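Contents: one structure, followed by commentary.
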Amino acid sequence: MTANNPFQRYDETDDRQFYGQPRLVNHIDEAAVRATTNLYAEYLPAGGTILDLMSSWVSHLPTNIQYGRVAGLGMNEVELKANPQLTEYVVQNLNQTPSLSYRDNTFDGGMVTVSVQYLTQPVIVYRELARVLRPGSPFLTVFSNRMFPTKAVAIWQSLDDLGHQQLVRSYYEQTGLFDQIEVLDRSPRGWSDPLFAVVGRVKDEIGSTDN
C-alpha cells in the first residue's frame, strides 16, 4: 500500500478472479440483516423501481412489500441468478467500468449493501447514481465492519466505524448532487454485527425528464 493512493488494495489482480467463485452466504449476521431490511422498508418506496448496486444472491428487501422493478448489478452471475427479488440483472465490475448503462431518471430508490468498501472510484459511481435516480429519490449505503481485507481499499482499512461513516458521507457530498444526507447507526442491541447507513436524496434540480 502507498499513502499516495487511498483507494489502493492489497490484491490488485483482476477482480473477476476473486469474485468468480459464488459466495451464497450472508456477510452480516441475522440481526444485522433484519436491521438492513427494516431500513429498506423505511426508505425505499413501495411499488417503485429499485437499483440494487453491487448485488448478490440476496437483496435484503422486505418480502411483504412489492416493488415494480428491482434491477441488480453485481460481479457474479450465479449469485445474481439465484436472487429471487431481482427482476433483472447486469454483470459489471464498477472498479473497471464505473459508468452505469441505465438511462437518466430511471430509479425511484436504490442501495448498496455491505460492499462500498470495495469501490476504488466511489465518487464517480455516486455521480452516476445521481444521474440514474429520479430527483428526490433516496440512495442508501449500508455497511458494517466486515470485509475481505485483500479487496477493501486502503482508506477503509485505516478508519474506525466513525471514520467509515464520515468517508461514505463524503462520497455523496463530493458529487454535489445529493442533499438531505443522513448518517444512521442501526446496530442491533446485544451481540451482533454493527450496522450503519448513509442515506442521501438526489437534488431536485438534477436529471432530465427522460424516463
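The values are calculated or read from the model by the stated rules, or taken from the named source; none is laboratory data. Here the structure is a predicted model, which is why all the values come from computation and not from measurement. Backbone-built Cβ (ideal geometry, glycine too); neighbour counts: all protein chains shown. All accessible areas refer to the heavy atoms of the entire protein, side chains included, with ligands and DNA or RNA removed. Shrake-Rupley method; radii C 1.70, N 1.55, O 1.52, S 1.80 Å.
Things to note:
- Scanning the range 75-92 for residues that are at pLDDT 95 or above and touching a helix residue (DSSP H, G or I) at 6+ places or on another chain (Cβ under 6 Å) yields 89, 91.
- Inside the range 96-114, residues that are assigned to a loop (DSSP other than H, G, I, E, B) and either open to solvent by less than 20 Å² (accessible area, probe 1.4 Å) or under 27 Å from residue 153 (Cα atoms) (or both) make up a count of 10.
- Any hit, the range 114-137, residues being within 17 Å of residue 151 (Cβ to Cβ), touching a strand residue (DSSP E or B) at 6+ places or on another chain (Cβ under 6 Å) and at pLDDT below 95: yes
- Failed item in (1) surrounded by 20 or more Cβ atoms within 10 Å (Cβ to Cβ); (2) of a type outside the set (Asp, Glu); (3) more than 13 Å from the chain's Cα centre (by Cα); (4) over 22 Å from residue 29 (Cβ atoms), with residue 172 passing the rest: (3)
- Pairs linking a residue in the range 86-102 that is over 15 Å from residue 49 (Cα atoms) to a residue that is outside any loop (DSSP other than H, G, I, E, B) and of a type in the set (Phe, Trp, Tyr), with Cβ atoms under 9 Å and 6 or more positions apart or on different chains, are 93/19; 94/118; 95/118.
- Residue check, residue 133 surrounded by 18 or more Cβ atoms within 10 Å (Cβ to Cβ), touching a residue at least 60 places away in the same chain (Cβ under 8 Å), aliphatic (A, V, I, L, M) and farther than 24 Å from residue 12 by Cβ: yes
- Every listed requirement among (1) without any contact (Cβ under 8 Å) to a residue 40 or more places away in the chain; (2) open to solvent by 20 Å² or more (accessible area, probe 1.4 Å) is met by residue 163 save one, (2).
- Annotation: of all residues in the range 116-168 being of a type in the set (Ser, Thr, Tyr) and over 14 Å from the mean Cα position of the chain (by Cα), the one that is nearest to residue 100 (Cα to Cα) is 137.
- Matching entry among 76, 145, 93 (being out of contact with any Leu (no Cβ under 8 Å at 6 or more places or on another chain) and open to solvent by less than 20 Å² (accessible area, probe 1.4 Å)): 76
- Matching residues in the range 119-130 - criterion: being open to solvent by less than 20 Å² (accessible area, probe 1.4 Å) and part of a helix (DSSP H, G or I): 122, 125, 126, 129, 130
- Members of the range 133-166 found to be assigned to a helix (DSSP H, G or I) and closer than 23 Å to residue 29 by Cβ, listed by number: 156, 157, 161, 162, 163, 164, 165
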